Amino acid sequence: MSNYLLEVERLQKHFPVRGSVLGKSKHMVQALDDLTFGIKKGETLGMVGESGCGKTTAGRTILRLHEPTGGRIVYDGETIFDKEKKIAAKMLPYRKKMQIVFQDPYASLDPRMTVGDIVGEPIDIHKLCESKQDRYDKIIGLLERVGLNSEHANRYPHEFSGGQRQRVGIARALAVDPEFIVCDEPISALDVSIQAQVINMFEDLQEQMNLTYLFIAHDLSVVKHISDRIVVMYLGRMVELADSYELTMHSLHPYTRSLVSAIPIADPIEARKSKRIILEGDVPSPINPPSGCRFRTRCPYADEQCAQEVPEFKEVSSGHFVACHHLDRVK
Amino acid sequence: MENKYLVNIENERLSFFTPAGEVKALNDVSFKMKEGEVLGIVGESGSGKSVTAYSIMGLTAYPGRLVGGTIEFNGHHINDMSEKEFREIRGNEVSIIFQDPMTSLNPVYTVGNQIEEVIRLHTNKNKHEAKERAKDLLALVGINEPEKRLKQYPHELSGGMRQRVMIAIALACEPKLLIADEPTTALDVTIQAQILELMMDLREKLGMAIIMITHDLGIVASMCEKIAVMYAGKIVEYGTTDDIFYNPKHEYTKGLIKSIPRLDAKEHERLVPIEGTPVDMLNPPAGCPFAPRCDSCMKICLREMPPVTFFGDVHYTQCWLNQKEEFEGKAPEESAVEKGKEASNE
């Protein structure tokens, strides 16, 4: 019996591209392929990658906000989706355990609802409170938990700053006492000085409520800070998965290496010393991804084998997984 | 007398006259820039970093207005220039790269059209020469097959490519000053690295000065020689890159540096955030605008704006704490160390 809270296996999500008005669509956006990992209880798994690499799709597909097109999702020992065995569980009971915090706090809150109602909505849906007083107390408790107070409950989202709105979004996710939260770039829309406040809050909440996070972001230094383990995505596939310190300091995949080196270091002396590995070109289209290894078009080590075979995602040392044919040459 | 500075801004005040009242977007902003220098302006959204740079080009949009101070750029007195005169210098002596390359390129004209337009407006090159120049420019910014790209429309290019086209347009007339307003915020990190590398390369080749506007301390650390930290329409600290990173004097600068997670941290360290929220610019506090969020706030901070304190020729801040240190005859370094200890003990 595994000790994972959440397990996904070969999870796949392909979106059809709208073809002509009459014709059926022929192309698929291969947004996510062969996603396989597990998250232990109380752990934070970070997920990084560039735009279009499928990280948001991964977060949403795990919660079945997008219906997966293949693979298996097991939550707490119960299979909630299995393409082969044709299992697709009703999600409502699981919504109480699995929640999400969205990227854009300006778009994810209904402008016509008060903050109190926004936070109260999941309580109503899951019928968590018997009386009105109970409901009110619970809402105030949630707001206080995220650093807001009771007078904020009657205000509307437009009266709040970005950081405060994100706190409302977090309070809404916490309303059902979840066990697992997908944090989909929760801080990338915030100012630098506010980001640290919200990161600290995520850490505090995790400790107090024993939460498990899937923390998605494009900023590797933030992900490194908050996560126990990190998975790096490229064009819908996992390229590397390891302990967060191991991944940033001893990365093996050429993509991870260039990603780490591309981050501007906020330290002038270090910055002058460091040598950037500049990748050529852009991320290819996921409609027509390169054959074999999807990174090969930008990889300095690519050869014939990379075009032929998809590299296997294998464990090279304890807990360190990489998908690359030429690990011996990448130094 | 010869003015040896490319940009010389003194006590610039700029306000936006909105229906809700006067918003003092810039409050006594002063700085100088030499030719070929790279200046980074960092600050949060709404701190006035873009407005400062735009005012050098005369791009202050209604209802904004300069209400005081002088701006000199390359011998021009910006304050009393007409729109016609601005047109002469824009694109020619100073040009700009915007944050979002999709919205700043015209979607209905080809890339070639847009580059050639700038060249033909500002030089007396004919159509054929302009096209040749455009091709050279695209090659300069690292776009392959320039001939083919000239005939393409912006939507056919990726984000990084579009930003390269923007840079090509900005550099068409070899300006003395390039203003880069968050040029990489909309791009991915690996593309960001490409663009930053390109900008530094071009600066070496062409020798222009750059004003780099960003909120990312990492970018200024690797690119800039001087840094201006802005908060609520003021430059709260100004100095060389090393001054700002290794000897910050203003509490806001210190807070910013402490609040970013470091990639090379071995053990999990808790971040030290700056508490509170940015100032409401409609009703700014009477004294130092940072006082309500400052851990070392004193009574005087709430009442009066601190004067400028200089450390050496370049480095200066606006903070009462530095005044106090000077007043008490304490070495500033020592007390800064003490404060650091106090902070970590808490």
Go through segment B:31-70 and give me each residue that's within 30 Å of A:Pro268 (Cβ to Cβ), among the hydrophobic types (A, V, I, L, M, F, W, C) and surrounded by fewer than 21 Cβ atoms within 10 Å (Cβ to Cβ). B:Phe31, B:Met57
Test B:Ile119 against the criterion of being touching a strand residue (DSSP E or B) at 6+ places or on another chain (Cβ under 9 Å) and either within 14 Å of chain A (Cβ to nearest Cβ) or not in a loop (DSSP other than H, G, I, E, B) (or both), and give yes or no. no
Which of the strands (runs of 3 or more DSSP E) found entirely inside segment B:158-250 contain at least 3 residues meeting this: farther than 23 Å from B:Gly112 by Cα? B:209-214, B:226-231, B:234-240
Can you find a residue that is within 13 Å of chain A (Cβ to nearest Cβ), without any contact (Cβ under 8 Å) to a residue 12 or more places away in the chain, surrounded by 20 or more Cβ atoms within 10 Å (Cβ to Cβ) and not charged (D, E, K, R) anywhere in segment B:240-248? yes
Would you point out the residue of segment B:59-111, among those that are in contact (Cβ under 8 Å) with a residue 40 or more places away in the chain and assigned to a helix (DSSP H, G or I), that is nearest to B:Gln163 (Cα to Cα)? B:Pro101
Among the residues of segment A:272-286, how many are hydrophobic (A, V, I, L, M, F, W, C), surrounded by fewer than 17 Cβ atoms within 10 Å (Cβ to Cβ) and in contact with a Lys or Arg (Cβ under 9 Å, 6 or more places away or on another chain)? 1
Counting just the residues of segment A:227-253 that are surrounded by fewer than 24 Cβ atoms within 10 Å (Cβ to Cβ) and in a helix (DSSP H, G or I), which one comes out farthest from the other protein chains (Cβ to nearest Cβ)? A:Glu246
Please specify each residue of segment B:310-326 satisfying the condition of being closer than 23 Å to B:Phe245 by Cβ and out of contact with any Pro (no Cβ under 9 Å at 6 or more places or on another chain). B:Phe310, B:Gly312, B:Asp313, B:Val314, B:His315, B:Tyr316
Please return the ranges of helices (runs of 4 or more DSSP H) entirely within segment A:98-212 where 1 or more residues are modelled with pLDDT under 95 and within 14 Å of chain B (Cβ to nearest Cβ). A:162-174, A:192-209
Looking only at segment B:32-51, decide whether some residue is within 14 Å of the chain's Cα centre (by Cα), farther than 21 Å from B:Glu251 by Cα and of a type in the set (Ser, Thr, Tyr). yes
Which count do you get for residues in segment A:92-115 that are surrounded by 14 or more Cβ atoms within 10 Å (Cβ to Cβ) and either free of Cβ contacts under 8 Å to residues at least 60 places away in the same chain or more than 21 Å from the chain's Cα centre (by Cα) (or both)? 4
Per the filter on segment A:263-294, residues away from chain B (no Cβ under 11 Å), among the hydrophobic types (A, V, I, L, M, F, W, C) and in contact with a Cys (Cβ under 8 Å, 6 or more places away or on another chain) are A:Cys293
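The values are calculated or read from the model by the stated rules, or taken from the named source; none is laboratory data. On a predicted model such as this, the values are computed, not experimentally measured, just so you know. As a convention, Cβ positions derive from the backbone with ideal geometry for all residues, glycine included, and neighbour counts pool all protein chains shown.
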